[in-house]
Amino acid sequence: MTIDNFDTVFYTCIFLLSGFIIKSIVDKFIPPQKHNDIKYFFICLLYSIINCAILSWAYVLISFLREEHLIIYWGLCVSITIVGAVIIATFIGIIRKIELVKRILLKLNISISNPIPTAWDYCFSKQNEGIWIIVTLKNGKEIYGLFDCNSFASSDYEERDLYIEKVYDINDDMNWNDNPQSKEMLICKDEIETIEFLTGDDNDEQ
């Protein structure tokens, strides 16, 4: 089979596309470490190789369509690549999220460094459900709020802004009271001194 110039471009794009898809999805599970463009490209290239190796059987399976149904063949190649990359990325992301490899190595008495780059990223990446937080500002003021699915903690190294979707008032008995006039709050990085994470029983919301 002779591969012309268009085929070369097509297969190259398909090959590289999977790596960038996997990298993007995996980074949603675990905040990525800071690295330069060259390292980023090689990580994507590695994911592309993994994706191609795992899905090679699917590409072989549809190869008979290339001669007579070229458009369908191209469409299937793109579909297999995208769907396969999403599934593989989700699997890799879950494995990294639950730290399965780390747990296995620890049972073997092998210690490894945590892949999450900062304590900030570690604290917020493990919050799978709503959690109560107390943010102490540098001026001494305390913000009591709910950090849930609509909240956001920046993973940018240069910005550590914090968006809290629900803010509460505290009375003299230290009960958390709903304030209808204060529903959400954005806190700039330069204002944050400490953040305290509470369990569900640590406050008495009314």
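The values are calculated or read from the model by the stated rules, or taken from the named source; none is laboratory data. In this text the structure is predicted, and so the values were computed from the model without any measurement. Quick reminder, even Gly has a Cβ in these numbers, built from the backbone with ideal geometry, and neighbours come from all protein chains shown. Surface areas here come from the heavy atoms of the whole protein model, side chains and all, with no ligands, DNA or RNA. Shrake-Rupley method; radii C 1.70, N 1.55, O 1.52, S 1.80 Å.
For this structure, a couple of remarks:
- Cβ pairs under 7 Å, 6+ apart, first in segment 54-77 and assigned to a loop (DSSP other than H, G, I, E, B), second not small (Gly, Ala, Ser): Ile62/Tyr73; Ile62/Leu76; Arg66/Tyr73
- Within segment 178-193, the set of residues being open to solvent by 30 Å² or more (accessible area, probe 1.4 Å) and at pLDDT 80 or above comprises Glu184, Met185, Leu186, Cys188, Lys189, Asp190, Glu191, Glu193.
- Annotation for segment 138-148: no member residue is in a loop (DSSP other than H, G, I, E, B), under 23 Å from Lys28 (Cα atoms) and open to solvent by less than 50 Å² (accessible area, probe 1.4 Å).
- Residue within segment 184-199 that is free of Cβ contacts under 8 Å to residues at least 40 places away in the same chain and more than 18 Å from Lys138 (Cβ to Cβ) present: yes
- You will find that of Asp7, Asp37, the residue that is acidic (Asp, Glu) and open to solvent by less than 90 Å² (accessible area, probe 1.4 Å) is Asp7 and no other.
- A count restricted to segment 78-97 and to residues that are free of Cβ contacts under 8 Å to residues at least 60 places away in the same chain and over 13 Å from Phe15 (Cβ atoms) stands at 5.
- Residues satisfying the stated conditions in segment 41-70, i.e. hydroxyl-bearing (Ser, Thr, Tyr) and open to solvent by 70 Å² or more (accessible area, probe 1.4 Å): none
- Any hit, segment 14-36, residues being assigned to a helix (DSSP H, G or I), touching a Gly at 6+ places or on another chain (Cβ under 8 Å), of a type in the set (D, E, K, R) and at pLDDT below 85: yes
- Residue, farthest from the chain's Cα centre (by Cα), within segment 161-197, restricted to residues that are in a loop (DSSP other than H, G, I, E, B) and closer than 15 Å to Gly130 by Cα: Glu184
- Test: residue in segment 23-38 that is of a type in the set (D, E, K, R), more than 30 Å from Cys123 (Cβ to Cβ) and in contact with a Phe, Trp or Tyr (Cβ under 6 Å, 6 or more places away or on another chain): no
- The numbered conditions (1) touching a Ser or Thr at 6+ places or on another chain (Cβ under 7 Å); (2) open to solvent by 30 Å² or more (accessible area, probe 1.4 Å) are all true for Ile164 except (2).
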